[in-house]
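Computed from the coordinates by the stated procedures, all read-outs in this text should not be read as laboratory data. What you see is a predicted model, and the numbers here were worked out from it, not measured in a lab. Virtual Cβ from ideal backbone geometry, glycine too; neighbours counted across all protein chains shown.
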């Protein structure tokens with residue numbers, strides 16, 4: 001779309017038509033570029049016409065509802081860090097619950 005506002009607005013209009021029957025409580029449509037990083041963590045220089053939040057800023061405001069045990073540990077994985085030993089460590093923001101040294105955790109959707 002070459003960062004074109006008119007093309008983005010056309011995509012937004014198509015999205016609204018496609019999702020009209022889904023009855024979302026709300027939605028936030030964010031133009032972003034994973035390649036350039038625009039509006040992923042912070043705003044960028046390619047879309048000066050967009051004044052809304054970045055993806056991570058918006059996700060930080062989302063309130064999780066239902067489907068999780070009240071005491072369950074929940075952390076969306078934001079980065080996987082492979083080590084030379086073949087093991088991996090995972091980074092993210094803890095959204096719910098607690099975890100302590102030697103606690104068993106399950107990585108979803110892989111189930112590891």
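Couple of notes before you dig in:
- A simple spin-label model places the labels of residue 17 and residue 57 3.1 nm from each other, with each point 7 Å out along Cα-to-Cβ.
- Most mobile listed residue (21, 44, 52) in the chain, GNM with C-alpha springs under 10 Å: 21
- Based on alpha carbons, the Rg and Dmax found for the chain are 18.1, 52 Å.
- With contacts taken as Cα pairs under 8 Å and at least 6 residues apart, the chain reaches a relative contact order of 15 percent.
- The residues 23, 96, when put in order of fewest to most other Cβ atoms within 10 Å, stand as 23, 96.
- Taking 22, 73, 15 and counting other C-beta atoms within 10 Å, the order from fewest to most: 22, 15, 73
- Of the residues 8, 90, 24, the one with the fewest other Cβ atoms within 10 Å heads the list, and the complete ranking is 24, 90, 8.
- Cα-based helix-to-principal-axis angle, 5-18 vs the chain, degrees rounded to 10: 70
- Just so you know, the Rg over Rh for segment 5-59 is 1.00, from Cα atoms, with Rh as the Kirkwood radius.
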